[in-house]
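Undergrad: Structure incoming, see below.
The values are calculated or read from the model by the stated rules, or taken from the named source; none is laboratory data. Since the structure is predicted, the reported quantities are computational estimates derived from the model, not experimental observations. Methodologically, a virtual Cβ is constructed for each residue, glycine included, from the backbone with ideal geometry; neighbour enumeration extends over all protein chains shown. To get the accessible areas, we keep the full protein, side chains included, count just its heavy atoms, and leave off ligands, DNA and RNA. Shrake-Rupley method; radii C 1.70, N 1.55, O 1.52, S 1.80 Å.
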Amino acid sequence: MRAPETVPAAAPAGSSFWTGFAATFRLEVAEAFRARWFAFYALVFFGLVGMLLVFGLTESRVLGFTGLSRTLVTYIQLTMAILPVFILITTVRSLAGDREAGVFEYVLGLPVGIGAWYAGRFLGRYLLAAAPVIAALFAAVIYGAVRGVRVPWLELGFDIGLLLVMIFAFVGLGFLISAVTRSVDTAQTLAFIIWLVLVLGLDLVLLGALIRGRMAIEGVVAIAMLNPLQVFRTGSMLLFDPQLVLLGPTAFTVFDIFGRAGFMVWSFAYPLVLGLVTALGGWAIFRRGDLP
């Protein structure tokens, strides 16, 4: 006897969003694996770790740092200089490149919600930016463990967290720039200028004029702490240098404003909020400007 046919249950209200999100996410990752920029991006960070290990930083003692601590400090400081510009230059192509290529009409005609498409591309780009950086760091840990070098797990976890939130901040900023600009050349030029301004603002270089103008040091430090690169650099030094000796007298003002625990919270919360705000701002501009 034939069993009666059952009527399929109705799909949940949010299933179309997650289906479109998953499809866009997979497409973003698949396209990156076929692109040269991702291979070069991964090669830079694995090559950087390889050079640090080859030159014997795990066996050296510099300024009190030994073993993997020294390698970790050097890797983090080098990453701070090159990672943001890599992320910005590659991420700003996400929307601006599609707009310049004229494929938005095709994209909007697909059975994928525009919100799911934007979220899928954002998360895909974030994963692609973070994976090689963190994987190269774990390669150094594995190398050190095999060589019998002590692994500073607390510092490692803290710095991985800082890397993840910094990457999130710059991916969000890249999507905002990509949504605002109308061509890839303009987007990449603006991204490079923003990165250059942030780099020049490290260690209060650009804020010297404010000090000459007799601005209170608390105000100068507060402005400096709005620079995500400065926040990342100071936060990454905090565990290895609890007194922030490398910052000089400025460290006293930092501790007066934030406190040690407060700054550790700020070093995670601020880049995370910055990335979220810029990503949502990019979404709002993109939706208003590109949807019919």
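Undergrad: Does VAL205 qualify as being surrounded by fewer than 21 Cβ atoms within 10 Å (Cβ to Cβ), closer than 22 Å to LEU83 by Cβ, within 19 Å of the chain's Cα centre (by Cα) and modelled with pLDDT under 85? Talk me through it step by step, then tell me what you get.
TA: Working: surrounded by fewer than 21 Cβ atoms within 10 Å (Cβ to Cβ): yes; closer than 22 Å to LEU83 by Cβ: yes; within 19 Å of the chain's Cα centre (by Cα): no; modelled with pLDDT under 85: yes.
When the stated conditions are applied, VAL205 does not pass them.
Undergrad: Next question. Output the residues belonging to the stretch 112-171 that are surrounded by 20 or more Cβ atoms within 10 Å (Cβ to Cβ), of a type in the set (Ser, Thr, Tyr) and either in contact with an Asp or Glu (Cβ under 6 Å, 6 or more places away or on another chain) or within 21 Å of THR79 (Cβ to Cβ) (or both).
TA: Matches in the stretch 112-171: TYR126 only.
Undergrad: Taking the stretch 98-111 as the search range and keeping residues that are in a helix (DSSP H, G or I) and open to solvent by 50 Å² or more (accessible area, probe 1.4 Å), which one is modelled with the highest pLDDT?
TA: GLU100
Undergrad: Taking the conditions exactly as written (buried (at least 19 other Cβ atoms within 10 Å of the Cβ), in contact with a helix residue (DSSP H, G or I) (Cβ under 7 Å, 6 or more places away or on another chain) and modelled with pLDDT of 85 or more), does GLY282 satisfy them or not?
TA: yes
Undergrad: Please identify the pairs in which a residue from the stretch 163-184 that is assigned to a loop (DSSP other than H, G, I, E, B) has its Cβ atom under 6 Å from the Cβ atom of a residue that is open to solvent by less than 10 Å² (accessible area, probe 1.4 Å), counting only partners at least 6 apart or on another chain.
TA: Close Cβ pairs (under 6 Å, with a partner that is open to solvent by less than 10 Å² (accessible area, probe 1.4 Å)) amount to THR181/ALA96; THR181/ALA187.
Undergrad: Scan PHE192, PHE138, PHE175, PHE170 and give me the residue that is under 30 Å from PHE252 (Cα atoms) and either at pLDDT below 85 or of a type outside the set (Ser, Thr, Tyr) (or both).
TA: Only one candidate qualifies: PHE170.
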